[in-house]
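Colleague: Before I ask anything, let me first share the structure, which is written out below as structure tokens.
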Amino acid sequence: MPRLSFGLWLVLLLGCGESAREVYAQGMKAEGEAERGPCKLVFDQQIGQNVISGDQIQTCLKGQEEALALYDRASALGLKDLDFERSREQARERAKRLQGMLTTLRELEQPEYPGGKVP
């Protein structure tokens, strides 16, 4: 009898870890929250255009990178299906585009001559 209870306890303990699908779902949730939050464009009535700041892009990129880390963890746990691989690749492409946007926008935000003085 003690062997059975120890075996049952061991099975329950080992079975309590996160599954690859749960980690994938967490990644999708993190990515969705970033898309609905900091990645969302804001319409400026005065100029009649959507606007986004460098800080918004940076926060959006951080959320995308968190989702990528979760996708990588799901992959390490053994998840290999086609939908997962497609989502993971799309997330990598988004992060790369966001990094490019952030770099460009940060360059535009900095004045060419510090202090506004031309040498």
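Bear in mind these aren't lab numbers, they're just calculated from the coordinates by the rules spelled out. Being a predicted model, the structure only gives us computed values, none of them experimental. When we count neighbours, we look across all protein chains shown, and the Cβ atoms used for this are built from the backbone with ideal geometry, even at glycine.
Colleague: Under the Karplus relation 6.51 cos²θ - 1.76 cosθ + 1.60, θ = phi - 60°, what is the ordered set of whole-Hz ³J(HN,Hα) values for the range 89-99, x standing for Gly and Pro?
Modeller: With coefficients 6.51, -1.76 and 1.60, one gets 5, 5, 5, 4, 5, 4, 4, 5, 5, 4, 4 Hz.
Colleague: Let me have the relative contact order for the range 19-108, percent, based on Cα pairs under 8 Å that are six or more residues apart.
Modeller: 38
Colleague: Treat the range 19-108 as a sphere of radius equal to its Kirkwood radius over Cα pairs and apply Stokes-Einstein at 10 °C in a medium of 1.306 mPa s; give the translational diffusion coefficient in µm²/s, rounded to a whole number.
Modeller: Diffusion coefficient, whole number: 115 µm²/s.
Colleague: Cut-off is 10 Å between beta-carbons; in what order do ILE47, ILE57, ILE52 appear when sorted fewest neighbours first? All intermediate terms of the calculation are to be shown ahead of the outcome.
Modeller: Working: ILE47 8, ILE57 21, ILE52 15.
Ordered by Cβ neighbours within 10 Å, fewest first: ILE47, ILE52, ILE57.
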